[in-house]
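The structure appears right after this line, and notes come after that.
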Amino acid sequence: MKKVLFSIAIVVVIASMVSCGNKTAKGGDSDSTAVADSAVTAAPEEFWTTEAVEAQVRKIYDRLNDMDKNGIVNIRRLEDEFCTSYYLGLRDAISKSLTEAMGDDSMFLGDEEGYRFFAGMGTPLEIETIKADLLTGNMAQAQVRFKGADEENGFMRLELDFENGQWRVKNFDQPEAFGPGGYLKIMEDFAGEHGISYEGIPSPKGEDTAEEWDVSVRTTDLEEQGK
């Protein structure tokens, strides 16, 4: 059984890069949901219920457990299916810039068995409780308590937008792992600090930077255990 151990590590990366598109991306703030993309529209009445939000969270983790049962959890594939266009656009812009600069993006984004869905625990994950809150016409939050494969307990707060006919995850917020603002804010801050922009984030003009990176990022410890 694969065991995913989440830890916060300091990784110092020194590299040079030229700002993508000669723009600086809009950075994050404490309310990352405020930077919603225009693609987000109000949820229809049948989806505007806490039950619909809970059902989508269970669908996400059913898919994760099914992947695990069949051999590998592919985080990118889960994100592609269940995350918002804003989240995916920012992820892909960071991935592209890191790959162009270093030939690899796993330093920041992790590999296919990364940590963003895991609440710091080993798979499979069992949902113990979900508390859903409807925030506005197109935003919701789900507070999820898990039990992991080794009977350990974990917690994750998911921020969701209603987009393209379903509730999609915009932010993963596990306080012990991501700090204030959650994982989306880490990506927003990273993009802002390194001049990474993508279509969909308004960016001020006139900045063309080549800079040295000295960045604290989150990484994942992966420990393989016998079945």
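The values are calculated or read from the model by the stated rules, or taken from the named source; none is laboratory data. Bear in mind that the values here come from a model prediction, so they are computed numbers and not experimental data. Calculation scope for accessible area: heavy atoms of the full protein, side chains included, ligands and nucleic acids excluded. Shrake-Rupley method; radii C 1.70, N 1.55, O 1.52, S 1.80 Å.
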What are the residues whose amide H is under 5 Å from the amide H of Cys83, where those residues sit 5 or more places off or on another chain and H is modelled from the backbone?
Val169
Calculate what fraction, in whole %, of the accessible area of segment 45-200 sits on carbon and sulfur atoms when a 1.4 Å probe is rolled over the protein chains.
45
Expected vector for segment 74-87, Karplus 3J(HN,Hα) from phi with 6.51, -1.76, 1.60 and θ = phi - 60°, integer Hz, x for Gly and Pro, equals 9, 5, 4, 5, 4, 4, 4, 7, 10, 9, 6, 5, 5, 4
Hey, what do the phi angles of segment 168-175 turn into as Karplus ³J(HN,Hα) couplings, whole Hz, using 6.51/-1.76/1.60 and θ = phi - 60°, x for Gly and Pro?
10, 6, 9, 8, 9, 10, 10, x
